[in-house]
Each structure stands twice: as structure tokens, then as C-alpha cells.
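The values are calculated or read from the model by the stated rules, or taken from the named source; none is laboratory data. None of the values given here were measured: they were computed from a predicted structure. Note: ideal-geometry Cβ built from the backbone for every residue, glycine included; neighbour counts use all protein chains shown. Heavy atoms of the whole protein, side chains included, go into the accessibility calculation; ligands, DNA and RNA do not. Shrake-Rupley method; radii C 1.70, N 1.55, O 1.52, S 1.80 Å.
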Number of protein chains: 2
Amino acid sequence: MRQEKIVDLANSENCPVRNVLDRFGDKWSTLILLVLGRKEPLRFGAIHRSIGTISQKMLTVSLKKLEADGLVDRTVFAEVPPRVEYCLTERGKSLLPVLQQLVDWANEHMEDIRASRAASGVD
Amino acid sequence: MRQEKIVDLANSENCPVRNVLDRFGDKWSTLILLVLGRKEPLRFGAIHRSIGTISQKMLTVSLKKLEADGLVDRTVFAEVPPRVEYCLTERGKSLLPVLQQLVDWANEHMEDIRASRAASGVD
DNA sequence: CAGAATCCCGTTTGATACTG
DNA sequence: CAGTATCAAACGGGATTCTG
């Protein structure tokens, strides 16, 4: 019987976990997916306002990555003024429940974590 | 009727999601939790070897954060040479299933993501 | 409106050396 | 062994300006 079902975490190139984490470990991607998960499609500006504190540069960059990974679809309408809509792909949607779990966990444990953090003096 | 059950994502201070993401969005925390989830307790050096590419500085920093958040327990043995063991707290363990879902998703979709990425020419 | 292009700075991260 | 201390490099990310 094999002892390791889990992929080798030491190999960052071939480990799916690390590979994916390298993407969603960034500051914004997860947030964007969650926003689109709430309501789609959304225009660039709508996402921007929805997150609030993201710069449009980072929003652009993050959306491009998500699009490159096939998690988000980008549709440009030939209008003036230009309109661009974003929505989740099937793959993107499949990630949503997982992220939702993370959100739920966060909601549930945040107060305790805050308290621990404060008590330990680590910011 | 209220329209928003989900916490306001625009408010980074009070939003549990962002607050938690700010922690696990880093490069190593998730990985460390997963490593400890596989086997505990583990000594500092064991975790270090298990992840492989992390510097011992970052491992120290990350472990401290996790300890401050009450996700990891640190036990120092009064021996020579010194021995320090790390294990998950109950809170830490409660996060594990969620992370495992993420791992599963990553395993399942990584190839497709890789392909999309390559096709798009990003990164 | 939706971005692209620059400039710029703070933080993160890694290498290296040192210590209890 | 399990860190701490320091320095330098790399990167993320914000502000601003410009375009189709």
C-alpha cells in the first residue's frame, strides 16, 4: 500500500497545491472570484467598486491571470463607450464552493483569531 | 428583506474573508498547515525539510503567525540540543478539511489550468 | 469606460553569518 | 538544533498619466 496519497509538497513545480496556491495566494484573485460568484456578469467598474480598495492596475492584472487560467471569461462589446463584462467559467464556478467553505470558516473563527492575535501581541 | 448575506467585501478591516485571506494569502502558511495535517507533531527541521524550498527565516516567521493566530502549538523541550515540536491546535485542525478541499480541487484542475495558461501565453 | 504604460516605494524574501 | 540578526535583492502594488 502506498503511504502517500498527497502530492509531494517539496516540489513546487509539479505540486498542484503549490502551483494553484501560487495563484490564489495573491491578494485579490480569491476576492474577485467571490465577487463574481455573487453576481455575474459584472463590468470592470462594477468589480472595482465592489472590492473598493483595489487599484485598477491590480484589478486588470488579476483579471488577466484569472482569464489566463480559464477561470474567468472576458467579453468585449463593440460600443462607445466601451463595455467589458466578466463572468465565471465553468471551471471558475467549480472553485466557488471551495472558496465558500473558506469564507464560512473565516466567518466562524475570525473573532477567536482576532482575540488570539491581540493576546499574542503579533500583528 | 436584506439583500446581502455575504459580508461587505469592500471593508477590509471588518471583513472576515479578507482578514483571513490576508493571512493565508501568504506563500507558506497554508503549506505548513497541510504538512502538519499529514503528520504531527513535527520538529522545526522536519517541517523545513518537508517543504524544502522555504528558507528557515520564512519558516520561523510563518510559524509565529500561525501560533499567534492560535492555529499551531509550539512546544519547547528543555534539552540539549534543543527540540521544538509543532502541532495543530483544534482550531488549526478545523481548517484542515477546508484546505483539503482546496487541495483536491487543485489536483483535479491543475492540468487544465496549466494548459490554459500555456495557451494564453501568460506567465 | 476600460485599460496600458510609467514611475516609485514599502514589504517580502532569500543568503549569510552568528548564538544559546 | 532551532533559531536571531543583518543586509541586499526581488516583488507587489499604489499613484499618476495617457489612449482608443
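Among the residues examined, B:Leu88 does not qualify as more than 16 Å from DNA strand C (Cβ to nearest atom), more than 9 Å from chain A (Cβ to nearest Cβ), closer than 30 Å to A:Pro97 by Cβ and touching a residue at least 60 places away in the same chain (Cβ under 8 Å). Of all the residues in the range B:59-83, those that are surrounded by fewer than 16 Cβ atoms within 10 Å (Cβ to Cβ) and in contact with a strand residue (DSSP E or B) (Cβ under 9 Å, 6 or more places away or on another chain) number 7. Could you tell me which residue of the range A:69-85 is farthest from the chain's Cα centre (by Cα), considering only residues that are under 26 Å from B:Val98 (Cβ atoms) and away from DNA strand D (no atom under 16 Å from the Cβ)? Filtering first and then ranking leaves A:Gly70. Within the range B:95-120, being open to solvent by less than 70 Å² (accessible area, probe 1.4 Å), more than 7 Å from chain A (Cβ to nearest Cβ) and free of Cβ contacts under 8 Å to residues at least 12 places away in the same chain holds for one residue alone: B:Ala115. Scoring A:Ser50 on the criteria (1) surrounded by fewer than 19 Cβ atoms within 10 Å (Cβ to Cβ); (2) at the interface with chain B (Cβ under 7 Å from one of its Cβ atoms); (3) away from DNA strand D (no atom under 13 Å from the Cβ); (4) farther than 24 Å from B:Val35 by Cβ leaves a single failure, condition (1). The listed residues are B:Gly37, B:Gly45, B:Gly25, and the only one of them that is more than 19 Å from A:Arg23 (Cα to Cα), small (Gly, Ala, Ser) and within 14 Å of DNA strand C (Cβ to nearest atom) turns out to be B:Gly45.
So that you can scan it fast, the table gives a plain yes or no per residue for (1) within 13 Å of DNA strand D (Cβ to nearest atom); (2) under 28 Å from A:Gly70 (Cα atoms); (3) of a type in the set (Ser, Thr, Tyr):
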{"site": "B:Asn19", "(1), (2), (3)": "no, yes, no"}
{"site": "B:Asp26", "(1), (2), (3)": "yes, yes, no"}
{"site": "B:Val61", "(1), (2), (3)": "yes, no, no"}
{"site": "B:Glu67", "(1), (2), (3)": "yes, no, no"}
{"site": "B:Leu96", "(1), (2), (3)": "no, yes, no"}
{"site": "B:Asn107", "(1), (2), (3)": "no, yes, no"}
{"site": "B:Met110", "(1), (2), (3)": "no, yes, no"}
